[in-house]
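Nothing in this text is a laboratory measurement; each read-out follows from the coordinates by a stated rule. Fair warning: this is a prediction, and the values are worked out from it, not measured in the lab. Using ideal geometry, Cβ is built from the backbone for each residue, glycine included, and neighbour counts are taken over all protein chains shown.
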Amino acid sequence: MEHLESPIKLSVTWLADLAECVCDRCYWIAYHLPPPLPSQIPSVVRDIDRQTRRAVTASLQRHGRLPDWHPVVGDVKSVVPDARLRPRQFQLLDEGNGVLLRGRPDVVFELADGSYHIVDYKATRPPHSGPPPKRYRIQLNAYALVAEAVGLKPVSGLSLVFLQAGPLLQARKAPYAALRFDAQRHDVALNPARWVQPLLRRASRVLRQRRPPAPHPECTDCRELKRWARHLLSTR
């Protein structure tokens, strides 16, 4: 476990997870004692994100504009290079809470007015009504906070672009098929003080404890873990 003087290293995704976790004990255990399991994100989702970034970057470099399928996000001038968005460069040390926040946004556009617009692509259906899920809003606002800390400022806008799978297009000659995606953009309000700062304070308070916090009284996961531990000890 880290010393109190060391910063808590936290990804943007982990920060968003905290917003949906009512039990501090579960969050502490997941952070300090993570199970040795493979990633829960299907590789095809990572492939879609990577190919989407490549297509957007290539269109801007070759034609000076976004691809025709891409929703409008303002007067885009260029895309911030990948080298500036890698987690080792794209990070913020919140000294007040002792948290090192890092992540990797999908795309950051530089607009003609000199400001920046951050886009996160989601290979899933857009919400039918109401605002996007809370965790997505937290992720984008956390990216905005880090972006301005590393010199990509001011951030003027945040967008979610949902890529919903359409019909499978069969090639006539080549032995492959193409999956079509319909892109739909949703604005996300820019307000890191509301969405990010309270979570940084809570993360610091929870994760700096030397022992697991008390479980939430209504946490079914904690009850199941306790039952499992008792069963394991009784069979030894």
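Sorting Tyr143, Tyr116 on the 10 Å Cβ count, fewest up front, what's the list?
Ordered from fewest to most neighbouring Cβ atoms within 10 Å, Tyr143, Tyr116 come out as Tyr116, Tyr143.
Across region 1-132, what fraction of all alpha-carbon pairs, as a whole percent, falls in each successive 10 Å bin from zero upward?
9, 31, 34, 20, 6, 0
From a point 7 Å beyond the Cα of Asp187 in the direction of its Cβ, which residues of region 71-97 have a backbone N at a distance under 16 Å?
Once the point is set 7 Å along Cα→Cβ of Asp187, 71-75 turn out to lie under 16 Å by backbone N, inside region 71-97.
Kirkwood Rh, Cα Rg: Rg to Rh for region 146-187?
With Rh from the inverse mean 1/r over Cα pairs, Rg/Rh is 1.32.
Just to be sure I understand: of the beta bridges DSSP finds with both ends in the chain, what percent are antiparallel, rounded to 5?
DSSP beta bridges in the chain are roughly 65 percent antiparallel.
Put a dot 7 Å past each Cα toward the Cβ at Arg62 and Ala165; how far apart are the dots in nm?
2.6
Which trypsin sites (Lys or Arg not before Pro) does region 56-118 hold that lie in a coil by DSSP with at most 16 other beta carbons within 10 Å?
Hits after loop and neighbour filter: Arg65, Arg88.
Please arrange Leu92, Leu140 by counting, for each residue, the other beta carbons lying within 10 Å of its beta carbon, fewest first.
Numbers: Leu92 19, Leu140 29.
Starting with the residue having the fewest Cβ neighbours, the order is Leu92, Leu140.
By residue number, which cysteines of the chain lack any other Cys whose Cβ falls under 4.7 Å from their Cβ?
Cys21
Using Stokes-Einstein with the Kirkwood hydrodynamic radius over Cα pairs, what translational diffusion coefficient do you get for region 141-236 at 37 °C and a viscosity of 0.692 mPa s, in µm²/s rounded to a whole number?
It diffuses with D of about 172 µm²/s by this estimate.
Per residue and in Å³, how big is the convex hull formed by the alpha-carbon atoms of the chain?
Looking at the chain, the number lands at 180 Å³ per residue.
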